[in-house]
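We did not get these values from a lab; they are worked out from the coordinates using the rules stated. Quick caveat, the model's predicted, so the values are computed rather than measured. So basically every Cβ, Gly included, is an ideal-geometry build from the backbone, and we count neighbours across all protein chains shown.
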Amino acid sequence: MDLDDAVLDRLTDIQRRFLSVSLEQAGIEALLADIGQLVGADAAFAAWLDEGQPWLTPWKAGPEIGTFLAETFAGVDVEGNIRCHDPDLDALNRTRRALGSGVYNEGALASRERITDTAYFRDAFEPAGMPQIVGMTTRLSVGEAIFAFGFQAPDAPGFVSGRTEAILRILLPSFEAGFLAIDRRNRHRERLEQAVRECPVPARISGPDDPPDPGHLLQLPLPELGEDRAGRMSHLLVGRPGAADLARQLAITFGLTPRQTEATALLLEGRSTRAIADRLGVTYNTARRHCEAILQKTEAQRREQLAAIAVAALGNGDAPRGP
């Protein structure tokens, strides 16, 4: 296939944009438009699984595809395949993902007769203006990223000449690299968010445009999540543990009872035995027994040592100790 300098310049620009792609609707639509014009497509769409839900950006395609996908979406199976209530679309999705990253004319996935006899063709792709399709896909940890280009006429040059497939194969490496980078960032963020949820001290992930917060103990940059257009990145913010945080850690490590845990938090706040009794609504002697049991279980010689013992337990990730 011969490509003139103007086409080569456009392909180079598209490749560059794929390598820094983000899930921004306007940017994705612009990529679809530029590629669609190069291959002579009548319409196109990009698809992705975003936060567990199907995500679709159209270019000149009608809304029927998005509606059909939303209505038939049935989640994700253990192998990372997107599942659909429509059996034909479900089989198509699993076949395409099993084939892996590549450029596919619809004929590689199913016969024309079988395609035109499906509900997804009659109710979605044909009325949306995409009765014939050539696309490129990259397999992700969950689902795929898909750029699909539709042609109205069965003998449209972009559909039958092989030119579309040739152009998409040129773009495929940068397309794959860009969307795999997004996938890695998403998986990394999911792991971070899980760690934050399980963190025994106050922690959160800040956005790139959040102002610095000097009140936090740590502010760790997260370049793995990418940068915004101004070059700013997200941070992991770790706060100083409060009395309740330290008390919970002591309870986990030393097997304190719920009432002893409440009393521990008050001890860490510097409360006296009388103040603890008043806050817990118990007698002075009961509060004193709670305090004595806490010191005995944690092997603290005095109350002032409790905070240091709790911080050490936090740092070591201590498991519950036996009797």
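Assorted remarks:
- Each Lys and Arg Cβ is given +1 and each Asp and Glu Cβ -1; about its Cα centre, the chain then shows a dipole of about 2140 debye.
- Cβ-Cβ FRET estimate between Gln301 and Gln219, R0 fixed at 51 Å, reported to 0.05: 0.90
- Sorting 108-118, 257-267 by average packing, meaning the other beta carbons within 10 Å per residue, from highest down gives 257-267, 108-118.
- Based on every Cα atom in the chain, Rg and the maximum pairwise Cα distance Dmax equal 29.0, 92 Å.
- For the pair Ala177 and Ser272 in one chain, pulling the backbone fully straight at 0.36 nm per residue adds 28.1 nm over the alpha carbon distance.
- A simple packing score, the average count of other Cβ atoms within 10 Å per residue, orders the peptides 241-254, 148-161, 273-286, 91-104 as 241-254, 148-161, 91-104, 273-286, with the highest score first.
- Using a Förster distance of 25 Å, the FRET efficiency for Asp34-Leu99 (Cβ separation, nearest 0.05): 0.45
- Inter-label distance, nm, simple model (7 Å from Cα along the C-beta direction), Met233/Asp9: 3.5 nm
- Here the simple spin-label model places points 7 Å from the Cα toward Cβ, and for Glu292 and Ser161 these points are separated by 9.3 nm.
- Label zone at Arg184, where the point sits 7 Å out along the Cα-to-Cβ direction: the range 8-51 residues whose backbone N lies under 17 Å: 18-23
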